[in-house]
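Single-structure report; data block below.
The values are calculated or read from the model by the stated rules, or taken from the named source; none is laboratory data. Since the structure is predicted, the reported quantities are computational estimates derived from the model, not experimental observations. All Cβ positions, glycine included, derive from the backbone under ideal geometry; neighbour counts span all protein chains shown.
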Amino acid sequence: MIRNPKPIYIAIVVASIISVVVSLTHFFLSDFNWVNTIIIFLLSGGLTFIVFFYSLEFFIYRKIKLIYKTIHSLKTQKYDAVFQNYDWTNDPISAMNKEVIVWARDKKEEIDQLKRLAEFRKEFLGNVSHELKTPIFNIQGYIHTLLDGAIDDQEVNKKFLGKAARSADRLSDLVADLLEISQLESGELIMEPERFDINALVKDVYEQFEVKAKDRGISLLIKDGCNSPFYVFADRYRIRQVLVNLFINSIKYGNEFGTTTAAYYDMDENILIEVADNGNGISQEHLPRIFERFYRVDKSRAREAGLGGTGLGLAIVKHIIEAHQQTVNVRSTEGKGTTFGFTLQKASI
């Protein structure tokens, strides 16, 4: 059965040319015998057509089909299905050309993605090195100072030991946060959802930060109309972590004598929780990266507030909320404030 038209056309053209050449040669060398010439023309043409066509079909086109199948199967990763179900009756050369173009484009996109990941990894490693280096150098400096003689001064040695202890605590917090993010990203941390009142949890966390908020004159509020039970179904311990990180962030960047306000909204199947401040806000250029690890909009203000943190708080928030199959977002206006919002599944009554 003839399946590919192009080998037929090629074979006919080649056979015709060879037949004409052979027939003319015989005609001029055999005393102008027309009958024999016509017979030789037909025989040579037919034989040339058969030989050339099947040479193309079996030794060239089948090789091209095999290459085409291989490229297509490598691209789709469905070897058996491709070889059994794909329609190979069309012209394979044109089809292969299209496949190669698509394959090359996909590979370029894959390479570009790998380059972006490599750049992100390079930046991440640089940030980790910087964050680890600071407390380690601080600890080294305090210890060497004590060893050089400051340990004999009771006031100085107690002060330096306290600073070394705080740097060690920060180092421990950083390692713990890195480990937690790693476990969240790999899915190793299993959420243990339960029914609880999110408003009661917010008030509990407010109490934890009451002193630090007062140090900056920040009032911790609950929006009017929201000071009532709102029951959600989530991992209470992890959501507490989310609230802690959001409140720390609000106290860091909120204006002195400003406010931090929690609000809840019934979204039918979910409850939307928002944490808003009336600080200076975040410029639009920073918003797309706000949930990245170690990304800080203003490092100096965080340190001035005494809440340096590890730079991983918002990244942890994002991973915990996404582990609940929910979403987290941020909106901000410079000069007016910032609002972080996340959803949780509403608990059944």
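Sort through 252, 212 and tell me the only one that's buried (at least 19 other Cβ atoms within 10 Å of the Cβ), in contact with a helix residue (DSSP H, G or I) (Cβ under 8 Å, 6 or more places away or on another chain), of a type in the set (Lys, Arg) and under 21 Å from residue 316 (Cβ atoms). So that I can check it myself, show each step before the final result.
Details: 212 fails: buried (at least 19 other Cβ atoms within 10 Å of the Cβ).
None of the other options fit; the residue is 252.
Out of curiosity, is residue 174 under 28 Å from the mean Cα position of the chain (by Cα) and within 30 Å of residue 346 (Cβ to Cβ)? When the stated conditions are applied, residue 174 does not pass them.
Do we find a residue being more than 30 Å from residue 171 (Cβ to Cβ) and either at pLDDT below 90 or in contact with a helix residue (DSSP H, G or I) (Cβ under 8 Å, 6 or more places away or on another chain) (or both) anywhere in region 317-329? Yes: one or more hits. Close Cβ contacts (under 6 Å, 6 or more residues apart or on different chains) running from residues in region 113-127 that are within 13 Å of residue 292 (Cβ to Cβ) and outside the structural domain of residue 311 (by TED's automatic domain parsing) to residues that are at pLDDT 70 or above and surrounded by 10 or more Cβ atoms within 10 Å (Cβ to Cβ) comprise 127/294.
In this structure, residue 293 qualifies as buried (at least 20 other Cβ atoms within 10 Å of the Cβ), modelled with pLDDT under 85 and within 25 Å of the chain's Cα centre (by Cα).
Go through the residues of region 129-136 one by one and say whether even a single one is of a type in the set (Ser, Thr, Tyr), exposed (fewer than 11 other Cβ atoms within 10 Å of the Cβ) and modelled with pLDDT of 70 or more. Yes: one or more hits. Close Cβ contacts (under 9 Å, 6 or more residues apart or on different chains) running from residues in region 309-328 that are closer than 10 Å to residue 290 by Cα to residues that are in a helix (DSSP H, G or I) and of a type in the set (Val, Ile, Thr) comprise 315/181.
Please state which one of 307, 314 is modelled with pLDDT under 90 and part of a loop (DSSP other than H, G, I, E, B). If you could, list the steps in order and put the result at the bottom.
Details: 314 fails: part of a loop (DSSP other than H, G, I, E, B).
After ruling out the rest, the residue left standing is 307.
Selection of region 250-266 for residues being hydrophobic (A, V, I, L, M, F, W, C) and touching a residue at least 60 places away in the same chain (Cβ under 8 Å) yields only 262. Has region 215-231 got any residue that is closer than 15 Å to residue 342 by Cβ, crowded, with 16+ Cβ neighbours inside 10 Å and touching a His at 6+ places or on another chain (Cβ under 6 Å)? There is no residue in region 215-231 that is closer than 15 Å to residue 342 by Cβ, crowded, with 16+ Cβ neighbours inside 10 Å and touching a His at 6+ places or on another chain (Cβ under 6 Å).
What helices (runs of 4 or more DSSP H), lying completely within region 169-257, carry at least 3 residues that are among the β-branched types (Val, Ile, Thr) and at pLDDT 90 or above? Let's see the steps before the verdict.
Values: elements: 198-208, 210-215, 236-253.
So the answer is 198-208, 236-253.
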